[in-house]
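Peer 1: Right, I'll just put the structure down here and ask away after.
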Ligand SMILES: NC(=O)c1ccc[n+]([C@@H]2O[C@H](COP(=O)([O-])OP(=O)(O)OC[C@H]3O[C@@H](n4cnc5c(N)ncnc54)[C@H](OP(=O)(O)O)[C@@H]3O)[C@@H](O)[C@H]2O)c1
């Protein structure tokens, strides 16, 4: 079920308008998160739409500093208050990081479900080993794993794991945060079908059995993405896109491997360097270890980063530098200090 992403749609009026327009246009799935700071605006959008709440699949995510059991319960209650709803259809563990401890965190999610405050338990940014541990802790597989996926990051291993274990895979950044839109393979296919590149990316994800949640603000993008449901790619198109993921290293594709830095990190990072100040801390510094293991496992040729707690920002710097390197010349100022920081923290 195609969903509407809302990360960085943080002007409340604009966010409410986007959600309302999307639902009125035909979307029935909205994705938000505690850390996006827009749950209230999303709730207002749902209330303003000509659609019953019961017909909307609403998902949110518990941030990593709220993953101790009592905080899971308390922060979810706050989310529901902000969203103006008695329950959400899906609540994710946002990252296996911070206060996350499968044996403690997941029973609290199960309690929320028992109490009727959430209908389903999801996880996000989980690798197979995290999914194994979560399944052990829950006594069942999570309903969904939300991860970055698009033609330039095809997540074959996680797709196979999801298919073998009956887990829904939900693709975030399904347009690779716009980077996929000027890929020549994608644009050629778009031209052939007289559709947009965004539609091609979304139709490819659908063909892979994955739910995509593109973020779209204005009505044009909202409608364009919805129209992807009418696009059927042929075998040749699918094969051409399949080959994209295999042939390119993350550096060549311009994307960092497997991580879109979450809002707080991105902002702090950019702010820090824009002001010429060294980047010293990150509110999600403990995200580092899953991110790092994910990078080194998937891309063994990438340099390893010293990942001790005191320099965890290296992973975020690294990921952003990789993502930005070939696509955003304007962010050179951001990349350069990141690289300097990283050069101090590489290990063999
Ligand atoms: N679980 C996680 O850790 C995690 C991480 C990242 C994202 N997410 C979720 O996934 C959602 C989507 O990912 P994302 O926001 O990172 O990136 P995305 O959906 O890949 O890309 C969003 C960008 O594409 C533009 N866009 C949307 N539709 C378009 C179209 N038809 N043609 C041209 N441009 C178009 C948007 O512009 P406009 O805004 O101007 O329309 C925006 O700049 C997020 O909003 C969030 O809900 C989750």
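Peer 1: At 7 Å along Cα-to-Cβ for each site, give me the label-to-label distance between residue 48 and residue 86 in nm.
Peer 2: In this crude spin-label approximation the distance works out to 2.6 nm.
Peer 1: Kirkwood Rh, Cα Rg: Rg to Rh for region 4-246? Numbers along the way, then the final one.
Peer 2: On the way: Rg = 17.8 Å, Rh = 18.3 Å.
Rg divided by Rh gives 0.97.
Peer 1: Could you check the simple spin-label distance between residue 182 and residue 8, using points 7 Å along Cα→Cβ, in nm with one decimal?
Peer 2: Here the answer is 1.5 nm between the modelled labels.
Peer 1: How big is the convex hull of the Cα atoms of region 131-246, per residue, in Å³? Display every interim value, and only then the final one.
Peer 2: On the way: hull volume 12.2 nm³, N = 116.
Enclosed volume per residue, from the Cα hull, is 105 Å³.
Peer 1: While we're here: If I model a spin label as a point 7 Å beyond the Cα along the Cα-Cβ vector, how far apart are those points for residue 242 and residue 74 in nm?
Peer 2: With each label placed 7 Å out from Cα toward Cβ, I get 5.0 nm.
Peer 1: Same structure, new question: At R0 = 30 Å, how high is the FRET efficiency between residue 111 and residue 229 if r is their beta carbon distance? Nearest 0.05 is fine.
Peer 2: Values: r = 36 Å, r/R0 = 1.21.
The computed FRET efficiency comes out at 0.25.
Each reported figure results from applying straightforward, stated rules to the coordinates on display, with no laboratory input. Quantities reported herein were computed from a predicted structural model and do not represent experimental measurements. For neighbour counting, all protein chains shown are included, and Cβ atoms are generated from backbone atoms with ideal geometry for every residue, glycine included.
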